[in-house]
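Asks: A single structure is presented below for examination.
The values are calculated or read from the model by the stated rules, or taken from the named source; none is laboratory data. On a predicted model such as this, the values are computed, not experimentally measured, just so you know. Virtual Cβ from ideal backbone geometry, glycine too; neighbours counted across all protein chains shown. Ligands, DNA and RNA are excluded from the accessible area calculation, which covers all protein heavy atoms including side chains. Shrake-Rupley method; radii C 1.70, N 1.55, O 1.52, S 1.80 Å.
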Amino acid sequence: MIEPTVTMPPKGVRRAPARRPDPPRGTVRFPVLAVVFVCAACGLVYELELVALASYLIGDSVTQASVVLSVMVFAMGVGSLLAKALRCRAAVGFGLVEAGLALVGGTSAMVLYAAFAWFGESRYVLVAFSLAIGVLVGAEIPLLMSLIQRGDRSGRSGRKASLGEQDDAAGTVADLFAADYVGALVGGLAFPFLLLPWLGQLTGALVTGAVNAVAGGGLVLWVFRRDLTGRSRALLVAVNVAVLAVLATATVLVDDFEQAARRAVYGERVRVAVHTELQEIVVTGSPEGPPDLFLDGRLRVAGRDEYRYHEALVHPAMNGDHTRVLLVGGGDGMAAREVLRYPGVRSVTVVELDPGVVRLARTDPALARLNAQAFSDPRVHVVHADAFHWLRGATGRPRERYDVVISDLPDPGITPSAKLYAQEFYGLVAQALTPAGRFAVHAGSVADRPRTYWTVDATLRAAGFATRPYSASGRIPGFAAGPDRADRTGGAGRGPGDWGFLLAAPGGRPPALGLAPDAPRLRSLGEDTLAAAARRAERARGTALPPSTLVHPRYGG
């Protein structure tokens, strides 16, 4: 029997430690692909969070989405280039990138809201976060590619890559991008259907950041722990623990923060603050005094002078037959209150998208007192639907005709409502009117936003209406009633100096601008003031403008 020989190292020379076997190829690839999936979902949630919150705080969702998306895509390219410097230490680099992304993305909504609440300006903060998140997201794929290729090479044990193995490198890239795209799909669907309704904007972003930190840190500290030195491992553990601690603390304090920020935006007398599926509704003021109603941060009703807006909007349109009236918007009940002052009104249909507004207008004592309990009147019928689709008869109901249609909608410069200022929508209104019907439209400020106002006029004319422009002024100083966006400069809300309206009728003859014989006694409106309002609006008329359509909206911010 031949005894095996054991070669001993020379005296004084240490034996090299045995190298731990590399993990099997699948144990690297599949965890990496899973983390790519999770990180892609988190990255898209950050992106959608910035778009949604910026649209709410700044307005004009098309502009905000364009800014966020374009800046982030550009920054992702920059991040991919910067990741080259980290490829030699891909594991620790990826761990730090994910920790930074979790912190920046998780706190982005809270910081953006704080900038708006306390400084009144959030555009620069929006761009800064878009850049930072884009750079970090762009660095993910190159670093993950380095990690997964390192795992694949371990299976070849230093052999020269065969043609099949080279082809498999392309398959690796395909796997990475497939996981990335599927993760983005899941994140994009989770944001509106899970995170936003269940957690809200602030908490949703913080929870997403925590998931991001756990996924990224877990991958590096477990699967690629062999690539880390002791110092790198300690650094990553400390950084991730610190990030998770910050996110957890912010989550615990988010309610207190939101209340403080809300007081900074709306003042100290916030009585009601609710989030519906569509918007934030805030009512301020004392229970005994007139309330102020805010929708998504924009002052819709100022109790001290709302009557000036609603009288000017409603009563000129009631000069004629007004048996059947359709209100588009008007969920606060103020326009319905004015319509119901006419004894000849037999039915009032209110088409309001958000049931939460109507519910609050019914149940809040101050609002119900201000709208004279309009929604308790049996003549009022409320429809919760998108006005555009409702007028198209999407529910299969028979087409009805109305003597008066009143559009009590936000400023047309706010993009979500732009389709209800489009030529196509006005064409639907024309079909819903009787031949002698009238259509009253709030069209923004004549003095402060003349281009927007006269674009509404041009759009009505393109839809076959003849128009009569007029405006209402005399606002109480320091208040911004009605549906115009408040100006945050100086910390105090100051709306435009007037409200602009258009009274329209089908055909080629403009409607008469006056009051009906059975008009009630009004506090701010009379025949003389209407004539002066028409002259004031006509003096502001400029050059002819093109109409706004669904495919070419022309209302700026």
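Asks: Tell me yes or no: at least one residue of segment 251-267 is within 27 Å of ILE406 (Cβ to Cβ) and either in contact with a helix residue (DSSP H, G or I) (Cβ under 7 Å, 6 or more places away or on another chain) or not hydroxyl-bearing (Ser, Thr, Tyr) (or both).
Replies: no
Asks: Just to verify a result, which residue in segment 292-303, among those that are closer than 19 Å to PHE375 by Cβ and under 22 Å from the mean Cα position of the chain (by Cα), is surrounded by the most Cβ atoms within 10 Å (Cβ to Cβ)?
Replies: LEU293
Asks: Please work out which residue is modelled with the lowest pLDDT, limiting yourself to segment 492-531 and to residues that are outside any loop (DSSP other than H, G, I, E, B) and open to solvent by 30 Å² or more (accessible area, probe 1.4 Å).
Replies: Among them, the one singled out is ARG494.
Asks: Another question, then. For segment 333-352, check the following and say yes or no: at least one residue is open to solvent by less than 10 Å² (accessible area, probe 1.4 Å) and closer than 30 Å to ALA260 by Cβ.
Replies: no
Conditions (1) without any contact (Cβ under 8 Å) to a residue 60 or more places away in the chain; (2) buried (at least 23 other Cβ atoms within 10 Å of the Cβ); (3) more than 30 Å from SER417 (Cβ to Cβ), marked per residue:
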residue: LEU50; (1), (2), (3): no, yes, no
residue: VAL71; (1), (2), (3): no, no, no
residue: GLY77; (1), (2), (3): no, no, yes
residue: GLY95; (1), (2), (3): no, yes, yes
residue: ALA117; (1), (2), (3): no, no, no
residue: LEU143; (1), (2), (3): no, yes, yes
residue: SER146; (1), (2), (3): yes, no, yes
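Asks: Also, quick follow-up: Kindly indicate which of ALA213, ALA234 is in a helix (DSSP H, G or I) and surrounded by fewer than 13 Cβ atoms within 10 Å (Cβ to Cβ).
Replies: ALA234
Asks: Of the residues ARG308, ARG263, which is assigned to a helix (DSSP H, G or I), without any contact (Cβ under 8 Å) to a residue 40 or more places away in the chain and not aromatic (Phe, Trp, Tyr)?
Replies: ARG263
Asks: For the subset of segment 224-234 comprising residues that are in contact with a Leu (Cβ under 8 Å, 6 or more places away or on another chain) and of a type outside the set (D, E, K, R), which member is nearest to ALA205 (Cα to Cα)?
Replies: PHE224
Asks: Return only the number of the condition from (1) touching a Phe, Trp or Tyr at 6+ places or on another chain (Cβ under 8 Å); (2) more than 26 Å from LEU391 (Cα to Cα) that GLY333 does not satisfy.
Replies: (2)
Asks: Of all residues in segment 391-418, count the ones that are modelled with pLDDT under 90 and assigned to a helix (DSSP H, G or I).
Replies: 4
Asks: Hey, can you tell me all the residues within segment 429-457 that are surrounded by fewer than 17 Cβ atoms within 10 Å (Cβ to Cβ), within 30 Å of the chain's Cα centre (by Cα) and over 15 Å from GLY497 (Cβ atoms)?
Replies: Within segment 429-457, just ARG451 meets the criteria.
Asks: I've got another one for you. Mind listing just one residue for me: the one in segment 304-319 that is open to solvent by 10 Å² or more (accessible area, probe 1.4 Å) and touching a strand residue (DSSP E or B) at 6+ places or on another chain (Cβ under 9 Å) and, of those, farthest from ALA443 (Cα to Cα)?
Replies: The selected residue is ARG304.
Asks: Within segment 353-390, which residues are within 22 Å of THR276 (Cα to Cα), part of a loop (DSSP other than H, G, I, E, B), open to solvent by less than 80 Å² (accessible area, probe 1.4 Å) and not charged (D, E, K, R)?
Replies: ASN371, ALA385
Asks: Could you look through segment 268-291, keep only residues that are buried (at least 18 other Cβ atoms within 10 Å of the Cβ) and without any contact (Cβ under 8 Å) to a residue 24 or more places away in the chain, and pick out the one that is nearest to ARG523 (Cα to Cα)?
Replies: Looking at the filtered set, the residue picked out is THR284.
Asks: Scan segment 510-549 for residues that are out of contact with any Leu (no Cβ under 7 Å at 6 or more places or on another chain) and without any contact (Cβ under 8 Å) to a residue 60 or more places away in the chain and report the count.
Replies: 11
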